[in-house]
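One structure below.
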Amino acid sequence: MAIGAWRMMKKGIIVKQTKTVETLGSATVICIDKTGTITENKMTLAKIFGLKSKKIKTPEVDINSDEKELIELAMLASEPIPFDPMEVALHKAYSKIIAKEEQQHYKMIHEYPLSGKPPIMTHVYRNKEGKQIIVAKGAPEALMHLSNLSAIDEQEIEKAITTITTEGYRVLGVAKAEFKGSEFPKTQQEFKFIFKGLVSFYDPPKKNIYAVLQDFYTAGINVKIITGDYGLTTTSIAKQVGFKGFDQCITGDELMKLSDSELKKRLWKNKYLPECFLKPN
């Protein structure tokens, strides 16, 4: 441990807990997250999909009133003072593309925090005239389940999700609800939502992540990704950064169905297999 700490010190690294050196020295597998570890965690609104137009578009290029409403609803479903990178990106896009002042007359009167499996969040607004706006954003599959969609609409949404995530973008669903009165349901899942579309974000890979991964591989350390994002999104980002075995992925639902022996075989059939343990559907 002393020699290891000395070598790290020569590289400008000071170790507070010497046991860390021993732990790192004996590591054979390192599990990493995607967002903020592989990527910069700096989001920009990259693509939108409006259910009415059924088209995937770049937000600032030739969008119609329905698609502008989609961005507006997604922003309203975010925190008024955002701190999450995706919500910050939505506020910036709204200010740049729409910037309506009339929303200042609406006040948030009820909030459902992020919850459910997979999760969504809902905000309720009301103006002086008593008009209400109920908006939600979150996992597309959750909002699809809570909306009255035709089979054709579901197919179009799933097709758009596949197209967008394959390009490495993160995806959120956006919906609104109609509700009269002030006795709101106990859970947001009790609302009857109208699915409006998808918003997607690009989070670029860190500039040095390729070199970091190569150092792990050179040291004989097996690296795995554990993420709550879509498998196709993770696969795309993993491919961009030179992640070995980027094309192999297992979801959380698939993982839970494996026996111990099957899991062991699945984990080690490829030395560089990235395991993307995704949120269950």
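In the list 87, 67, which residue meets the criterion of being within 20 Å of residue 195 (Cα to Cα), under 15 Å from the mean Cα position of the chain (by Cα) and among the acidic types (Asp, Glu)?
Working: 67 fails: under 15 Å from the mean Cα position of the chain (by Cα).
That would be 87, the only listed residue that is within 20 Å of residue 195 (Cα to Cα), under 15 Å from the mean Cα position of the chain (by Cα) and among the acidic types (Asp, Glu).
Is it the case that the range 19-40 has a residue that's surrounded by 13 or more Cβ atoms within 10 Å (Cβ to Cβ), under 25 Å from residue 168 (Cβ atoms) and touching a helix residue (DSSP H, G or I) at 6+ places or on another chain (Cβ under 6 Å)? Yes, the range 19-40 has at least one match. Identification of strands (runs of 3 or more DSSP E) wholly contained in the range 22-71 with 3 or more residues that are farther than 28 Å from residue 212 by Cβ and at pLDDT 90 or above yields 44-50, 55-57. Filtering the range 217-249 down to residues that are within 14 Å of residue 33 (Cβ to Cβ) and among the polar types (S, T, N, Q), which residue is surrounded by the fewest Cβ atoms within 10 Å (Cβ to Cβ)? Here the residue is 227. The set of residues from the range 250-264 being surrounded by 11 or more Cβ atoms within 10 Å (Cβ to Cβ) and hydroxyl-bearing (Ser, Thr, Tyr) comprises just one member, 251. Screening the candidates 135, 199 for the property of being touching a His at 6+ places or on another chain (Cβ under 6 Å), touching a residue at least 24 places away in the same chain (Cβ under 8 Å) and on the phi < 0 side of the Ramachandran plot yields one hit, 135.
In a residue-by-residue description of the range 65-79, the property of being polar (S, T, N, Q), in the same structural domain as residue 133 (by TED's automatic domain parsing) and closer than 25 Å to residue 136 by Cα applies to at least one position. Looking across 228, 242, one residue alone is of a type in the set (Gly, Ala, Ser), at pLDDT below 90 and outside the structural domain of residue 171 (by TED's automatic domain parsing). It is 228. Figure legend. Inter-residue proximity from the range 139-160: first residues under 22 Å from residue 190 (Cβ atoms), second residues assigned to a helix (DSSP H, G or I) and β-branched (Val, Ile, Thr), beta-carbon distance below 7 Å, spacing 6+ or different chains. Indicated pairs: 140/157; 140/161; 144/157. Highlighted here are the helices (runs of 4 or more DSSP H) found entirely within the range 185-261 that include at least 1 residues which are within 19 Å of the chain's Cα centre (by Cα): 231-240, 252-256.
The values are calculated or read from the model by the stated rules, or taken from the named source; none is laboratory data. Predicted model only: the values in this text are computed from it and were never measured. Note: ideal-geometry Cβ built from the backbone for every residue, glycine included; neighbour counts use all protein chains shown.
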